[in-house]
Amino acid sequence: MSGPALRLEHVSVVRDGSALLDDISWQVDAGERWALLGPNGSGKTTLLKVAGSALWPTSGVVDILGERLGRLDMRELRKRIAMVSASVTRTLRPELAALDVVLTGRHAALETWWHEYTDADRTEAEALLTSAGFGGDGFAERPFGLLSEGERQQVLLARALMGRPELLLMDEPAAGLDLGARERLLGRLAALAGDPAVPPLVLVTHHVEEIPPGITHAALMRDARLVAAGPVAEVLTGPAVSDAFGLSVVVERRHGRWSAQATPGQP
């Protein structure tokens with residue numbers, strides 16, 4: 001593919017007279033790793049749905065992986081995009097073994113019986129679980145519904161990679177995780193961000209603390225608009241984050257990790 005992985009020009013999404021996205025122009029180039037932040041209701045998930053070809057804009061132009069939205073079969077385009085989100089969790093049968101969940105990612109399916117899988121496919125799925133730290137103790141055979149929240153997120157990420165996507169989208173993958181699960185997931189994401197073989201990725205989060213090392217770019221949203229976008233160190237500043245969240249905060253970076261807290265003295 002030549003050109004950007006994702007390009008939006010003056011994109012708006014309007015529902016019942018309200019703008020969910022308002023005149024968004026944004027581009028993700030090959031090799032870039034983006035974090036997309038903003039308060040609740042700012043439009044982050046809606047933007048991710050447009051980026052994943054799951055939602056049509058009311059106006060504007062969307063190019064995904066060199067294809068213009070509206071000019072090709074969206075089912076074929078979606079096979080080239082991987083999404084990690086709570087909505088994917090809800091579509092998978094809880095009784096599926098962890099390894100089978102990963103295998104379904106090869107064809108973006110929900111059940112393994114929909115397709116045939118080779119020994120090489122199973123070896124690759126096992127390797128992805130091992131890379132995530134879940135290669136032993138019969139983990140591969142454990143039902144997906146009995147896994148912890150952190151384990152499910154790791155399995156979903158392995159499933160996404162199983163499809164060999166050209167664009168990787170993640171909607172709040174660390175939401176609801178305890179400290180240990182969050183740190184294990186962020187360690188995995190940092191490894192992926194540093195791997196040149198991994199496609200461009202976009203990570204949606206509410207918290208700068210959930211941004212892994214290796215993220216190259218950041219975008220901030222407020223009230224359905226993109227208010228800042230660019231290299232991560234230029235965007236994640238105290239003034240810019242304060243403006244996006246409507247609260248004066250101090251943003252710091254230490255050992256490749258970000259943190260933010262309210263300015264001392266604020267109510």
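Descriptive notes on the structure:
- Flag if residue 79 is among the basic types (Lys, Arg) and modelled with pLDDT under 90: yes
- Summed over segment 215-225, residues that are under 23 Å from residue 261 (Cα atoms) and either hydroxyl-bearing (Ser, Thr, Tyr) or more than 14 Å from the chain's Cα centre (by Cα) (or both) total 5.
- Any pair with Cβ under 7 angstrom, 6 or more apart, that starts in segment 37-54 at a residue that is without any contact (Cβ under 8 Å) to a residue 60 or more places away in the chain and ends at one that is part of a helix (DSSP H, G or I): 53/74; 53/77; 53/78
- Hey, residue 126 open to solvent by 40 Å² or more (accessible area, probe 1.4 Å) and either of a type in the set (Phe, Trp, Tyr) or in contact with a strand residue (DSSP E or B) (Cβ under 9 Å, 6 or more places away or on another chain) (or both) or not: no
- Pairs, first in contact (Cβ under 8 Å) with a residue 12 or more places away in the chain in segment 124-137, second loosely packed, with under 14 Cβ neighbours inside 10 Å, C-beta under 8 Å, six or more apart: 126/135; 129/135
- Residue within segment 176-199 that is surrounded by 20 or more Cβ atoms within 10 Å (Cβ to Cβ) and assigned to a strand (DSSP E or B) present: no
- Number of residues in segment 165-175 that are surrounded by fewer than 19 Cβ atoms within 10 Å (Cβ to Cβ) and over 19 Å from residue 54 (Cα atoms) equals 1.
- Only listed residue being within 27 Å of residue 152 (Cα to Cα), more than 19 Å from the chain's Cα centre (by Cα) and not hydrophobic (A, V, I, L, M, F, W, C), chosen from 194, 187, 256: 256
- For segment 33-51, the count of residues that are under 23 Å from residue 197 (Cβ atoms) and open to solvent by 50 Å² or more (accessible area, probe 1.4 Å) is zero.
- Residue match in segment 3-12 (condition: at positive phi, at pLDDT 90 or above and touching a Gly at 6+ places or on another chain (Cβ under 9 Å)): yes
- Matching residues in segment 134-171 - criterion: being farther than 28 Å from residue 5 by Cβ and assigned to a loop (DSSP other than H, G, I, E, B): 134, 135, 136, 137, 138, 142, 147, 148
- Test for residue 136: is it surrounded by fewer than 19 Cβ atoms within 10 Å (Cβ to Cβ) and closer than 29 Å to residue 254 by Cα: no
The values are calculated or read from the model by the stated rules, or taken from the named source; none is laboratory data. Just so we're clear, the structure is a prediction, and the values are computed from it rather than from any experiment. Methodologically, a virtual Cβ is constructed for each residue, glycine included, from the backbone with ideal geometry; neighbour enumeration extends over all protein chains shown. For accessibility, only protein heavy atoms count, side chains too; no ligands or nucleic acids. Shrake-Rupley method; radii C 1.70, N 1.55, O 1.52, S 1.80 Å.
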